[in-house]
Each structure stands twice: as C-alpha cells, then as structure tokens.
2 protein chains.
Amino acid sequence: MYNIVYSQGGVCLSDGFFADGISAGLKKDGANDMAFIYSDVECVVASVFTTNKMCAAPIRHFRSMGDFKSNFIVINSKNANAMTGEAGVEDIKEVLSTCKDSVKNPIMSSTGVIGVRLPKAKIIEGMKLFDLSKKDSNSASKAIMTTDTFAKEIAFNVKLDDGSSFNIGAIAKGAGMINPAMATMLCFITTDAKVSKSDMQEALDEAVKTTFNAISVDGDTSTNDTVLLLANSKSGAYDKAAFAEALFKVMHFLALEMVRDGEGATKLVTYKVTGAKDDKEAEIAAKALSDSLLVKTALFGEDPNWGRIASTIGASGVEAYEDKLKISFDNLCVYDKGNIYFDAEMEKKCAVVMQHQKFTISCDLGIGNGSFKAYGCDLGHEYVKINADYRT
Amino acid sequence: MYNIVYSQGGVCLSDGFFADGISAGLKKDGANDMAFIYSDVECVVASVFTTNKMCAAPIRHFRSMGDFKSNFIVINSKNANAMTGEAGVEDIKEVLSTCKDSVKNPIMSSTGVIGVRLPKAKIIEGMKLFDLSKKDSNSASKAIMTTDTFAKEIAFNVKLDDGSSFNIGAIAKGAGMINPAMATMLCFITTDAKVSKSDMQEALDEAVKTTFNAISVDGDTSTNDTVLLLANSKSGAYDKAAFAEALFKVMHFLALEMVRDGEGATKLVTYKVTGAKDDKEAEIAAKALSDSLLVKTALFGEDPNWGRIASTIGASGVEAYEDKLKISFDNLCVYDKGNIYFDAEMEKKCAVVMQHQKFTISCDLGIGNGSFKAYGCDLGHEYVKINADYRT
C-alpha cells in the first residue's frame, strides 16, 4: 500500500529540481515568457508529443537527439517555432549552445504563434537571466501561459509502506486547441522517484489516454503538444503501482484544469459513455459529444437539448440504437429506451443541473460493456472573441 | 450538346408539378410551416438520407415502403419527429392517411426540434389547407425554413440538340448542422425529364459527393438529412449527360446557398486541396479545414492565420510534409515549401482578401494528384447566439 498526499511546490517539490520564470520581452505586457526546469543531477526522460504531421521544430530537435539523459528544459511562450523548417531547429541549437556548463543535453519547448522564426536575440538574452538555484515553480508555470487565464501546477508526495517516499510534480499550460488526440498543451513533470526509463514511458503512455487525450476544447490538434517527464532518482524510492497512480493523478488534475480554463469556457462537463460495444467505441462516442459544436453551444445556453446528444451519438459512427439508448443529466434520466421523460418540469430540473460549473452527461448505449469518460467545456462568445484575432 | 438555362419557378417549373406552403400554427409567428409538392402523374423517386444512426421517423417510414412510385411530399418545419420511436412512424401514417384521393404513396419529411412527438392535430388540420392546384414554389421554400435567413430555390430548363427540352428545379433548407457527411438539410428536386430510376439514383449519388457532402457549417450530422428527387417523365425528353450536369448545377447552387446562410456566417470560403496522395486524402484535408473551429474563427476575425491552416492539414491525418506544402489566399502565396512569404505587407494584402464575402484558400500538398474542393463559412458570435438557445 501507499499514500498519495497533495503538496505545494509544483515541479520544485522533487529533490534536486529547480525552476523559475523570467521576462525576455516576448510578451508585450512584460509578463514572464521564459521558464526553465533544472535538475542538479541527470535525469531519464519520457515523452509524448503531438500526432500533428507539421510538428514543430522543438519536437524534431528532441527526436534528433536519440536516446539521452538531460537535466534542463527551457520553455518560451509567444512563439511556437512551428512551420519554420530546418532553420527552426538550427535556431534551437543556437539558443541551447548558450546554456550554463552544468547543463547536460538541454531540451527546448515552445508555444505561441505558428510560422514566425524564433526571436533568437531576445531569447538568448533571456537565457542569461536564469538563476538555476531558484525554486519557483509558480513563476515558471506563469511564464508558459498563452491564452490561459490561470497558471496550472500540482505536486504529490508519495509515502510507501517501507517508510520511504518520493515526490512528483508538474506545471502545464493549455486552454485552447485542446483535443482528444493531444493539443496545444505543454506539461512538464518532475520526479525524484527511482524509476527506470521504460517504466516511466509505459506509465506516461497509459496515463495520457485517459487524461490529456480525453479532453476537448475545440477539437483541433496543435503542432507543439508536449508532455515531458524527468526523473532524477534522488529519493531512492519507487513502487510501480504507486508511481503510476501518482502520475495519473498529476495528469488528470492538470487535464481538468485545462478544460476548466478552455477559452471562454464556463462549465466542465464529464461525458460518461457506458454500454458501448467496446471501450474504443465508448471513447469515440464520448469524444464526439465533447467535440460537438451543437452540444457545446447548448451547454453554454444551459439548454438541456438532449436531442442533440442523441443525434451526436448517432452521427459518431458507433453502434447505437434509438430503442437501447439512455441519456441522463447527472442523475436525471431524460430518455430511456424509447421513453421520453422530458416534460416542462424535467426541463426545468435539467436546466438547474446545467447551471452548475461541473456536471455529468451520461449515455448508456445498452449494447455491451465498453465505457469511457471524456471531459469537455461549453463554447461561448468569449471563445469566438479570443480566437477571431489571436495573432494581434 | 445541350444548353442549361436558368429559369424561375423552382419545383413548379417542371410540367405537372405543383407546390405551396401554408401555416399550420407550428411556428409561433404564424409564418408558413407546412409545404407540399405534388405531381399530377406518378413519379419515380431517388433519395439520399443521413448516415446518422438515430435517423428520424420520416426516413424510417420512407424505407419501410420498399420500392414505390409517389406523387406527393408533405414537409413540416419546427418538429423533426426524431427520437420518437415507432410512435413517430405511426404518427406519420396517421397524418398521411388524410391525403386527398389523387395522392399515391405520399412521403413525409420533417425538420426541427428532436425528441418531441409530432403535433399531429395541427398537422392534420394543415393538410386540409393544401390546394393541390397551386404552383407556388417560393411559398413552399419558405415553409420549410428553420434557422435559414433566406429561402432557397433554383430551376433550370435544359434544351437538347433534337429540339426537345426538360426542366429540373428544387427547393432546400439548411443553415446549421451542415456537415460533410450530410446535414440538417432538406432538398426536394422535381423534374419532368424522362429519366429511369436507376439513372436518377446514380446521378444523385454522384452529385451529392461534391455538393451537399462537401459543405460544412459546424461538422454535426443531423438525424433528418434528406434529398428527394421526383421525376414524372412528362417532357418526354432526356439525355444522360445533360441530366447529370443539370442535377449537379441544382445541387451545387443550393449547397453553396446553405453555406452562405450558415448560422451567423459572413463569408463563403472554398478550400481547394491539390497535390494530395489521392482524391480521398484531398477530401479529408479539405473537410478538416472547413470543419476547424480555429480556422473558422480566424476567418471571422479576418485574420490570415496561415499557421492554423498548416496545423489543421497536419492534424487531419493525411500524408503531408512541411517542406512540400504550399498555402495561398486567393492568388497570394504565403508559404511555399519551407519559404514563408508573410511579412507585414503580405498580411495586409491577405486581410483584404479575407474581407471579401467569397474567397479561396488553396493548399497544395505537393505529393500526388489528389484534389478536392470543400466549402465552408466562418463562425462568429451569431452562431453561438443562435445555437445557445435554439429550443426556446
């Protein structure tokens, strides 16, 4: 057995990890726009990147390094270094060549506008401002924000039965372009657990499926999506199950934070699909719901339009039948196998549920045992405002 | 050779066809909400319906009739008769049992709110108001509108080389939920061409691919999508190529009218993808662009954010490479095989293109010979407003 305890400290909770954010003048308002994460000993690295074929230069740079240990990540916001070709990768090499001597195999990560070369001079000046002895995870989490309205960090201390313990923490950014197949989200996780690279990659791949790949703000998939996990083994402690669960908790928390911060979002909705032919079909149906513009706008309008939910399930391509389907808003069943329980009174009750910041829409397809939970938000005027003129 | 000439008259241009719209009190404002199309001789019927698994009662009723000739379609707006089970089909039978004696194998079609039983009493009263000698296509086209802001009709007279001629005309509705895989769109086409059922179905299936299935407003697929084509042979004239082309012209015109009327849309954008591995991949990429929320909101903001276009192509899953891609706004190339032609001056020029009501975004993937044109619109505040509270 083990005990997972919420802790302050973000990426700096783990022993030997340091982080901070600084302003390199990339953001017009002078807010922090560059961050680093540093470990005083080398780390094994696990990663998950976007499936976008136009993946950005930082990802191609990372992949070109082969198998390596690292102790340093530098992150900039405002510029994605995407669609910048080989020149974009060369820019990264030039920036990283200015790292301090204690840095081994540095990694770069970027988020912001696509198709503009990195403002290299400013970023290299910014590198000089980094103080590797700082332990300010919160400042780092703020520096990587783009359209985020709040910073995202989390950490846990994991106590094992033998009295040993390890830490795991993370910072993340992401509020738009969040998509079931990874999104413009960056997440950097640090741990002092004594975990092997293979265990770490396996746990990361597994956790991504039900966390970052289960959320949706607008169904688009970015060029820059990145999850990086660094482990420096300094605690000497490890338990496979405890590590996997703690990692899941870190990622699940941050995934829901991203949905909650979805551009213009006012609600966090869980789409629980059960009774599907198999888990894969449940996932397709749940993600179809969380991606549907018509469902999202109905949520924003607090309109319990269950017909759109049925229609979206029907359009998703999964096996589904009108006379087997059941639809509920929280515990209020509005439709069950051909019976419509949706009169004026029920409509009022459902509208009350939808006024909550969090609620669950459940669809039982009544066919098999497949289930999946997806997470989404509503889409309102703010989304349009934010995205209609993002570049300027 | 043949000559296709634009004509007035909509579904009533063809010899022997009659149509009209009336108010049965379904729409609160007293506007027309029921329409009929009638032919004084029996017609062969071709059809294409939604792929939504929760397809509405009118579609299930049509399918239950097997192979049949018909001379009557009744259409109501405000209620989709979807998710109403077998009772929904029984309601249709009851309504259609009140048809006049001259009517053979009547067809019903519905559009509106999902999950509410048909207001049968009102509709049966409405049936009594139909005057089958009326030739008012425009009035019928208005009666089938829901969120449409303008009525949609078109007709052509087709002159063949031997001096004979036939007519083809249609009415349609659709302004939201329009999707590449059919949408809440209804389209009713009449012709007096002497066309066989098999020729007609073949031409219809072919034309749907590049017209109604190439447009997108919000990527959702409705429970009620219907295209019906009735031919009564009264002209005695027919030419296979001329018929196919005239049918395509009818459907292409109405498809673009639907996009132009997309809920809250201010622009009609053609997404022309060329150089894809094959036509199927070109179609996937083009539809990904026309469906992307981030692209749509950038259009609304008149922001030439070509990075989002590249990112959407990359996320669509088709074979694509950063160093082979070319992107243009009308004839302005902003990115070509790794070269970015997007300075402040070009941005201004592109923004001017985007101020137009119609323009083309071209993406050459630089791989093979596959090509496809999709049509889409922008997404603005009006879309959110219309859909946040559709039911009330």
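Nothing in this text is a laboratory measurement; each read-out follows from the coordinates by a stated rule. Everything quoted here is computed from the prediction, not taken from an experiment. FYI the Cβ positions are ideal-geometry reconstructions off the backbone, even for glycines, and counts take in every protein chain you see.
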Answer with one residue from A:Ala82, A:Ile92, A:Asn305: the one whose Cα lies farthest towards the positive end of the charge dipole of chain A, charges on Cβ with Lys, Arg +1 and Asp, Glu -1. A:Ile92
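Would you mind working out the magnitude of the charge dipole of the range A:248-305 relative to its Cα centre, with +1 at each Lys and Arg C-beta and -1 at each Asp and Glu C-beta, to the nearest 20 Debye? Don't skip to the end; give the middle numbers.
Values: 8 positive and 10 negative charges, 27 e Å.
It works out to roughly 140 debye.
Beyond a 32 Å Cα-Cα separation, which of these cross-linked pairs lie in this structure: B:Lys28/B:Lys234; A:Lys53/A:Lys287; B:Lys240/B:Lys324; A:Lys69/A:Lys128; A:Lys326/B:Lys277; A:Lys277/B:Lys197? Could the numbers behind the result be given before it?
Numbers: B:Lys28/B:Lys234 39 Å; A:Lys53/A:Lys287 21 Å; B:Lys240/B:Lys324 41 Å; A:Lys69/A:Lys128 23 Å; A:Lys326/B:Lys277 42 Å; A:Lys277/B:Lys197 38 Å.
Listed pairs above 32 Å: B:Lys28/B:Lys234; B:Lys240/B:Lys324; A:Lys326/B:Lys277; A:Lys277/B:Lys197.
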Correct semi-axes for the range A:268-388, from √(5λ) of the alpha-carbon gyration tensor and rounded to whole Å with the largest first, are 22, 18, 11
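Let me check against my output: what whole-number percent is the relative contact order of the range B:2-258, with C-alpha pairs under 8 Å and at least 6 apart? Can you show the working numbers first?
Values: 700 pairs, mean separation 69.4, N = 257.
It comes to 27 percent, rounded to a whole number.
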Taking H placed 1.01 Å from N in the peptide plane, check which residues at least 5 places from A:Ile215 or on another chain put their amide H under 5 Å from its amide H. A:Tyr375
Whole-angstrom Cα spans of the protein assembly as shown along principal axes, big to small: 91, 55, 39
The Kirkwood hydrodynamic radius of the range B:207-316, taken as the inverse of the mean 1/r over all distinct Cα pairs, in Å, comes to 16.0 Å
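I need the fraction of alpha carbon pairs in the range B:2-258 separated by more than 25 Å, rounded to a whole percent.
Working: 11921 of 32896 pairs.
More than 25 Å apart: 36 percent of the Cα pairs in the range B:2-258.
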Among B:Asn213, B:Val259, B:Gly236, which residue has its Cα positioned farthest towards the positive end of the charge dipole of the range B:188-325, with +1 placed on the Cβ of Lys and Arg, -1 on the Cβ of Asp and Glu, and the dipole taken about the Cα centre? B:Gly236
Electrostatic dipole magnitude of the protein assembly as shown [Cβ: Lys, Arg +1; Asp, Glu -1; Cα centre; debye, to 20]: 460 debye
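Please state the charge dipole magnitude for chain A, taken about the Cα centre, from unit charges on C-beta atoms (+1 on K and R, -1 on D and E), reported in debye and rounded to the nearest 20.
Numbers: 43 positive and 51 negative charges, 152 e Å.
In total the dipole reaches around 740 debye.
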Return the FRET efficiency for the residue pair B:Asn369, B:Ser102: r is the Cβ-Cβ distance, R0 is 51 Å, and the value is rounded to the nearest 0.05. 0.45
Placed amide H near B:Thr51: partners under 5 Å, 5+ positions off or other chain: none
Among the listed pairs A:Lys120/B:Lys349; B:Lys120/B:Lys194; B:Lys134/B:Lys267, those beyond 32 Å (Cα-Cα): B:Lys120/B:Lys194; B:Lys134/B:Lys267
Gap in Å between the Cα centre of the range A:29-69 and the Cα centre of the range B:293-317? 25 Å
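Could you list B:Arg60, B:Arg117, B:Arg308, A:Arg63 so that the one with the fewest beta carbons within 10 Å of its beta carbon is first and the one with the most is last?
On the way: B:Arg60 18, B:Arg117 15, B:Arg308 29, A:Arg63 11.
The most exposed by this proxy come first: A:Arg63, B:Arg117, B:Arg60, B:Arg308.
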Ranked from fewest to most other Cβ atoms within 10 Å of their own Cβ, A:Glu86, A:Glu281, B:Glu345 fall in the order B:Glu345, A:Glu86, A:Glu281
The range A:227-275 to the range A:80-101: how many Å between their Cα centroids? 29 Å
How do B:Ser328, B:Ser102, B:Ser292, A:Ser47 line up, fewest other C-beta atoms within 10 Å first? B:Ser102, A:Ser47, B:Ser328, B:Ser292
Run lengths n ≥ 4 of DSSP H only: what is the helix-derived mean residue ellipticity at 222 nm for the protein assembly as shown, with -39500 (n - 2.57) per run over all residues, to the nearest 500? -9500 deg cm²/dmol
At 27 angstrom or more along the helix axis (alpha-carbon based) and mean Kyte-Doolittle of -1.0 or higher, what helices does chain A contain? Whole DSSP H runs only. A:240-260
Extent along principal axes [Cα atoms of the range B:1-79; Å; largest to smallest]: 44, 35, 23
Considering only DSSP beta bridges with both partners in the range A:268-388, what is the antiparallel share in %, to the nearest 5? 70 percent
Measuring from centroid to centroid over Cα atoms, what is the spacing of the range B:119-174 and the range B:328-352 in Å? 44 Å
With all pairs of different alpha carbon atoms counted, what Kirkwood hydrodynamic radius in Å does the range B:12-133 show? 14.7 Å
